[in-house]
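Working notes, beginning with the structure itself.
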Amino acid sequence: MVPKDDLINGLWGDRPPNTAEQSVYTYIAGLRRVLEPHPGRRGPYAVLVNRSRGYALERGPVRVDVGDFERHLAEARRLLGADDHRGGLHALDAALACWSGPALCGVPGPFAEVERTRLEGLRLSAREDRAKALLDLGLHQEAASALSELVAEAPLRERARDLLMLALYRCGRQADALQAYMDVKRLLAERLGVDPGETLRERYELILRADPSLARVQDGAGDAEPSARPPRQLPRAASGFVGRAEELVRLRSLLSPWDGGPPQAVIAITGTPGSGKSALAVQAAHASSHAFPDGQLYVNLQGATPGVERLRPIDVLGRLLRALGLPGEAVPSEEDEAAAVLRDRLEGRRTLILLDDAAGPEQVRALLGLPSGNAVLITSRESHAATDDCVQLVLGRLLRSEAVTVLGKLVGAERIAADPAAADRLAHLCGLLPLALRLAAARLAERPDWAVRDLGTRLEDRRRTLHELESGRRAVRSSLELSYEVLAHGGELDRLAARTMCHLGVLHVASLTPELVSALLREPVDAAERALDRLARAHLLEVSGPGRYRPHDLVRLFMIELADARLTPEARKDALMGALGFYGATARHASTVLDPHRVQLPWPAVPQRPLALRTVDQARDWLEEELPDVIAAATQAMPSEDDDVARLGAYVGFSLTWQLTRGAHRREQRDLNRQALDVGERTGDQEILSLAHGQIANALLTLGRAAEALPHQQAELDLRRDLRDRFGEMRALGNLGVVLLKLERYAEARERAEVQRAIAREIGSEVGERHSLLTGATACRRLGDVTAAMSLVGEGLALAQAAGDRYHELAGLLLLSELCVDRGDPQTAKSYLERGLRRAREIGHRVGECESLVMLARVHRLLNEPAQALAYAREALAARQRSGDEKLSRSAEDELRVIETAFPELRPTREVPAR
């Protein structure tokens, strides 16, 4: 028990503040929040308990690190006293492992100061005891390294200096040992005005005359001296090595720094199978060999060698120690001891160790932590980003020029130069990966009758690509198969990652997210994310952005083969249906969040829940980022022979309707819905047929092909009437009215708009009524009935604003501005257009944005404001470039020409060259 008064005295001494007692209560409460197993409850407390006049820690539930340290230290001294130096060394290591910084760091007060001084003294003594144990074991190099650090930290401790002098002498560094004595003699004189103690003076005299009593203890760990000739074990560097110039410069700067400093301790070269890790490592090691005069060691760890068991760390340590001259019988059988002997052997040396083909960080962990001046260069398929003191270099693809040069060196420059375009294509079909390029070159060497283009044609058939990239026992496929098999026979996470590889081959999209893979696997999102991260660490996937992954092209082909070979047809269908369900549900949900007033096309019931998108920005970002992949998934599914898959693919395409319209993706909309039309005709699905006809009509209309759109739009209307779908009939009538407007059949368009409005009112469709008013207003304007047009558009705009429908509000504002210009009132038109531009940008409607900008350029021209007109015209050109819409491009360019004609002073000037 510690009395409260003792706590106050320990914290503040003889001058406690007036609030000392209250502060103690506050500190006790804070400790209980940390220590108590149930901190939210009020007493009785189980760990920090009340006693009369004070507090106590219950011994049972509490372990204090100081107690652990002191127990380990006592055990070490008992073992050392019994001449068990190895046992004592292990106990000292355990004791020192309890420390993570200065004791009671940052704690004020007299108690902390006294305790801090006591514990620091014990720590330094433990480190001295540890160095003595190393010396008794004959590990003098490691002892010298440890003592050098200790003396730098505590330069006036005479025992540490004494042991350092002995260690340096036993390392054959007599001059350094004598200098260590002179250094401490000078420090003691300068700081304390005293001479070294008797023990130090005696050690100095013994070293001075090289007394035989200083000879190190002979031990199995150090009977033999290193061989006279430094080992040179590096494999021969490849004569045809090409490229990786930037990576080679980086590696050389790490292995042999330009300033002559020590090399980087650990360097890992990682990357996709076949990216040329080993060849680069050997090249870099040879280029930097001059920086390692004490030897270059090489071990193939066989982490990815088919049919061969990977080397155990103790086996690797044995190879390295024997290469450094240690007799086989002297190599310790325990991993920790062998690692300690390796560090001892390399103390004071500059040696490079190349560990090729590591299975992962665990296989090499015991081989690291070598003395400064030595370097370990690792190649591995697995990430080593978490390895201590390691710089990781991830290999990507070769540059195009480098890849073509590789082919030229291996096949012959003349053969490559005969068709440079074919050589470039072949390099890209090989994924710009060195292994694939070498195998392609081998295929060409085997078939001298083939032109480069012939092999390229064979590789373009993606079903045969991996088959073609084989030569002898080397193949891209076998390299990838090994990575898969390692995962498939690993732990739980590795097996999930292997299963994920199979399922990723089912869906042919460019990028992957955890949510999508969750739907593919029918697993929780966090499990899918862990699996993707595991594949990324194995360099089977690349991280392409936050929460986004993509496979290399050749890995993708291998995954497709895996899916076909390892998954049943039912499993492949289930995975694909899951991904399609996720894509379609999320696309519809995102479109609704982005604009709740747009009517979404029908959607079948699926078990997949959409991604939780709560804000307009989240919905817009998801739709823009995922659009190419959702289109790819729908395009993949619709040709399927399985009707369920084909139908769901069609509905996924329909889920993109409003995003394709907003973004002016007209050709994509046309092509997707032509596929959907095929699905409807093949399956006899009237609903899909009707939706596809309507969407094709819309796409053709926006492409300026209204005559082709008309039969499709009429077909949708007929099908909706056959299905007795009143809402669908109303919508089809509205769209037919728009087609008729484009065909300049204004009276018919007005008639269809009136019928649409009648049905909309009958069934209570406000959005249909707004659409009919805007279509009718446009038809009246074209028929010359401006008064009727103003009335209809005014009514439609008011309904849109009341409902908060910004899409229809934008359409109404554009139409009102045109009517104002027709009436010779560009000033009023300008105010409508400025509002319309804001609405277009709010909802991301590129067509509306460009049309508003073109009209603003026009009204400023009419208002005789050339600078503003020109600025809006140029902004319209920029907007149409973002949309990629040819029709918008023409209208913006036409207006710009009119402005430059009306205001010649705005035309760009061209310099006349001097004669």
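Between 57, 104, 134, 79, which is under 20 Å from residue 160 (Cα atoms) and of a type in the set (A, V, I, L, M)? Even if it seems obvious, please write down each step before you answer.
On the way: 57 fails: under 20 Å from residue 160 (Cα atoms); 104 fails: under 20 Å from residue 160 (Cα atoms); 79 fails: under 20 Å from residue 160 (Cα atoms).
Going through 57, 104, 134, 79 in turn, just one is under 20 Å from residue 160 (Cα atoms) and of a type in the set (A, V, I, L, M): 134.
Where the second residue is hydrophobic (A, V, I, L, M, F, W, C) and in a helix (DSSP H, G or I) and the first is loosely packed, with under 12 Cβ neighbours inside 10 Å and lies in the range 195-213, which pairs have Cβ atoms under 7 Å and are six or more apart or on separate chains?
195/188; 213/206
Given the condition touching a helix residue (DSSP H, G or I) at 6+ places or on another chain (Cβ under 6 Å), surrounded by fewer than 19 Cβ atoms within 10 Å (Cβ to Cβ) and touching a residue at least 24 places away in the same chain (Cβ under 8 Å), answer yes or no: does some residue in the range 265-283 qualify?
no
Please note which helices (runs of 4 or more DSSP H) are completely contained in the range 399-451 and include at least 3 residues that are farther than 26 Å from residue 246 by Cα.
On the way: elements: 400-411, 413-417, 420-429, 434-446.
Hits in the range 399-451: 434-446.
Having 1 or more residues that are under 20 Å from residue 135 (Cβ atoms), at pLDDT 80 or above and more than 53 Å from the chain's Cα centre (by Cα) is the bar; report the helices (runs of 4 or more DSSP H) wholly within the range 166-265 that clear it. Step through it out loud before you land on a result.
Details: elements: 174-191, 198-208, 245-255.
Because the criterion is at least 1 residues that are under 20 Å from residue 135 (Cβ atoms), at pLDDT 80 or above and more than 53 Å from the chain's Cα centre (by Cα), the helices (runs of 4 or more DSSP H) in the range 166-265 that meet it are 174-191, 198-208.
Evaluate the range 627-635: report whether one residue or more is of a type in the set (A, V, I, L, M) and in contact with a Lys or Arg (Cβ under 9 Å, 6 or more places away or on another chain).
no
Just to be sure before I move on: is residue 820 without any contact (Cβ under 8 Å) to a residue 40 or more places away in the chain, in contact with a Lys or Arg (Cβ under 9 Å, 6 or more places away or on another chain) and within 17 Å of residue 863 (Cβ to Cβ) in the structure I sent?
Details: without any contact (Cβ under 8 Å) to a residue 40 or more places away in the chain: yes; in contact with a Lys or Arg (Cβ under 9 Å, 6 or more places away or on another chain): yes; within 17 Å of residue 863 (Cβ to Cβ): yes.
Spelling it out, residue 820 is indeed without any contact (Cβ under 8 Å) to a residue 40 or more places away in the chain, in contact with a Lys or Arg (Cβ under 9 Å, 6 or more places away or on another chain) and within 17 Å of residue 863 (Cβ to Cβ).
In the range 46-68, which residue that is without any contact (Cβ under 8 Å) to a residue 24 or more places away in the chain and of a type in the set (A, V, I, L, M) is surrounded by the fewest Cβ atoms within 10 Å (Cβ to Cβ)?
The residue in question is 64.
Out of all the residues in the range 770-787, is one or more among the β-branched types (Val, Ile, Thr), in contact with a helix residue (DSSP H, G or I) (Cβ under 8 Å, 6 or more places away or on another chain) and within 26 Å of residue 712 (Cα to Cα)? Spell out the reasoning first.
As a first pass, look at the range 770-787 and keep what is among the β-branched types (Val, Ile, Thr): 775, 778, 786-787.
Within this subset, residues satisfying the condition of being in contact with a helix residue (DSSP H, G or I) (Cβ under 8 Å, 6 or more places away or on another chain) are 775, 778, 786.
Still in the list and also within 26 Å of residue 712 (Cα to Cα): 775, 778.
Taking every residue of the range 770-787 in turn, at least one turns out to be among the β-branched types (Val, Ile, Thr), in contact with a helix residue (DSSP H, G or I) (Cβ under 8 Å, 6 or more places away or on another chain) and within 26 Å of residue 712 (Cα to Cα).
Can you tell me which residue is surrounded by the fewest Cβ atoms within 10 Å (Cβ to Cβ) among those in the range 351-367 that are assigned to a loop (DSSP other than H, G, I, E, B) and at pLDDT below 90?
Of the residues in the range 351-367, the ones assigned to a loop (DSSP other than H, G, I, E, B) are 351, 359-360.
Going one step further and asking which of them are at pLDDT below 90, we end up with 359-360.
Values: 359: 18, 360: 20.
Within the range 351-367, the match that is surrounded by the fewest Cβ atoms within 10 Å (Cβ to Cβ) is 359.
The values are calculated or read from the model by the stated rules, or taken from the named source; none is laboratory data. Remember, predicted model here, so these are calculated numbers, not experimental data. We place every Cβ from the backbone using ideal geometry, glycine too, and count neighbours over all the protein chains shown.
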